[in-house]
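Asker: Okay, here's the structure, questions in a sec.
The values are calculated or read from the model by the stated rules, or taken from the named source; none is laboratory data. Small disclaimer: the values here were computed from a predicted structure and weren't measured. Counting neighbours? That spans all protein chains shown, and the Cβs are built from the backbone with ideal geometry, glycine included. SASA here: full protein model, heavy atoms, side chains in, ligands and nucleic acids out. Shrake-Rupley method; radii C 1.70, N 1.55, O 1.52, S 1.80 Å.
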Amino acid sequence: MLSVTGVTKAFGGIAALREAQFSADTRRITGIIGPNGAGKSTLLYVVGGLITPDAGKVMLDGEDITELPPFKRAHLGLVRTFQISRELSELTVLENLLLARPGQSGETIWKNFFLPGRVRAEEEAAIERACAILERVGLRHLADNPARALSGGQKKLLELCRALMIDPKIILLDEPGAGVSPPMRVQISEVIRSLRDEGVTFVIIEHDMDMIARLCDRVYVFAEGKNLTDGSFSDIVADQRVIDAYLGGLD
Ligand code: ADP
Ligand code: MG
């Protein structure tokens, strides 16, 4: 579904990515791991459209999306999760989901003026959809609570729920387990896996090796902006080059 080839990106004089490549198969969870500074987040920004690479290509379903802005990628079904900002954390959990839909604000104001009935019907459908999404991740009972009252793990689930509002084909997650308690990591993993089983494709950066082992169908290892190796979790943990990279043995 997703294919990234030859991606190179430098910040100032520093090469964050050098000819990086990976692909994500439909209905699979692809993991991206590597030591700090390996270029993982930069790679995900390139895929999400926040950073334009100096060279290389991002293809989605055979279409070149390298130059598309994030909202156009979202229309094609590709989303990345966002941390709940300070402003959003003052809103309720349900409001966070309603605002995650594309074409909010201005468009709605005009439609509300000319087509009030249709807006009401759309709002009702969106609320129903939001509640169904919250129900399936176990946050339904918190719908009317402010987002700031959620635990670290519940916030991660809320970020995922916001992405689900656009009915995505592929979701990019940068460290869904960071700042999350171990039991909650298991719960988040279960949600991701059940979404995968229903047809959603995932690309996940994660430091927690238990999560990677539990979730990923294929794992790519990066170090110093370059591909080191890729394969199943059991392949890569047995690879001496991967062990050396994590121990800083690449210098
Ligand atoms: P990872 O997520 O694997 O820890 P990053 O993609 O965040 O790695 O960073 C890769 C390299 O690029 C690092 O050396 C980092 O300091 C640098 N880098 C990342 N983003 C920027 C930026 N916006 N400006 C300057 N340097 C950056
Ligand atoms: Mg990172």
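Asker: For the range 1-136, report the accessible area per residue in Å² (1.4 Å probe, heavy atoms, rounded to an integer). Mind dumping the intermediate values first?
Answerer: Values: 7370 Å² over 136 residues.
On a per-residue basis, 54 Å².
Asker: Okay, helix-only estimate at 222 nm for the chain: each DSSP H run of n ≥ 4 adds -39500 (n - 2.57), divide by all residues, round to 500 deg cm²/dmol; what do you get? Write out the running numbers ahead of the final one.
Answerer: Details: 11 runs with 105 residues, N = 251.
Calculated at 222 nm, the ellipticity per residue is -12000 deg cm²/dmol.
Asker: With label points built 7 Å along Cα→Cβ from the Cα atoms of residue 136 and residue 207, find their separation and express it in nm.
Answerer: So the label points at residue 136 and residue 207 sit 3.0 nm apart.
Asker: Run the dipole for the range 88-149 about the Cα centre, Lys and Arg Cβ at +1, Asp and Glu Cβ at -1, nothing else charged, and hand back the magnitude in debye, nearest 20. Don't skip to the end; give the middle numbers.
Answerer: On the way: 8 positive and 9 negative charges, 24 e Å.
It works out to roughly 120 debye.
Asker: I've got another one for you. What's the longest uninterrupted piece of the chain once you rule out the GluC sites (Glu not before Pro) that are loop residues per DSSP with at most 16 other Cβ within 10 Å? Please list the in-between numbers first.
Answerer: Values: sites that count: 67, 90, 198.
Between the exposed loop sites, the longest stretch runs 91-197.
Asker: State which entries of 9/155; 9/226; 9/40 exceed 23 angstrom in Cα-Cα distance in the structure shown. Working shown, then result.
Answerer: Details: 9/155 31 Å; 9/226 11 Å; 9/40 12 Å.
From the list (9/155; 9/226; 9/40), the Cα-Cα distance tops 23 Å for 9/155.
Asker: Still on this model: Per q in 0.09 Å⁻¹, report the Debye log10 I(q)/I(0) for the range 48-183, using one uniform scatterer on each alpha carbon and no solvent.
Answerer: Normalising to I(0) and taking log10 leaves -0.32.
Asker: Okay, next question. Out of 32, 59, 246, whose Cα points farthest toward the positive end of the dipole of the chain (charges: +1 Lys, Arg; -1 Asp, Glu; placed on Cβ)?
Answerer: Of the options given, the answer is 59.
Asker: Report the Cα-based extents of the range 2-109 along its three principal axes, largest first, to the nearest Å.
Answerer: 44, 31, 28
Asker: To continue, here is another question. Using a simple charge model, +1 on the beta-carbon of Lys and Arg, -1 on the beta-carbon of Asp and Glu, nothing else, what dipole does the chain show about its Cα centre, in debye to the nearest 20? Please list the in-between numbers first.
Answerer: Values: 29 positive and 34 negative charges, 70 e Å.
The dipole of the chain has a size of about 340 debye.
Asker: Dividing the alpha-carbon Rg of the range 88-149 by 2.2 N^0.38 Å yields what? List each step's numbers first, then the result.
Answerer: On the way: Rg = 12.7 Å, N = 62, 2.2 N^0.38 = 10.6 Å.
Dividing the Cα radius of gyration by 2.2 N^0.38 Å gives 1.20.
Asker: Assuming R0 = 41 Å, can you tell me the calculated FRET efficiency for the pair residue 197 and residue 14, based on Cβ-Cβ distance, to the nearest 0.05? Don't jump to the answer; show the numbers that get you there.
Answerer: Details: r = 40 Å, r/R0 = 0.98.
That pair, residue 197 with residue 14, gives E of 0.55.
Asker: Could you tell me the center-to-center distance, by alpha carbons, between the range 176-251 and the range 51-76 in angstrom?
Answerer: 24 Å
Asker: Report the charge-dipole magnitude of the range 42-91 in Debye, nearest 20, computed about the Cα centre from +1 at each Lys and Arg Cβ and -1 at each Asp and Glu Cβ. Don't skip to the end; give the middle numbers.
Answerer: Details: 5 positive and 7 negative charges, 20 e Å.
Roughly 100 debye for the range 42-91.
Asker: Stick to the Cα atoms of the chain, pair each with every other, and give me the Kirkwood hydrodynamic radius in Å at one decimal.
Answerer: Details: mean 1/r = 0.0522 Å⁻¹.
Its Kirkwood hydrodynamic radius stands at 19.1 Å.
Asker: Of all the accessible heavy-atom surface of the chain, with the other protein chains kept in place and a 1.4 Å probe, what percent is carbon and sulfur?
Answerer: Working: 6330 of 12250 Å².
After summing per-atom areas, the C and S share lands at 52 percent.
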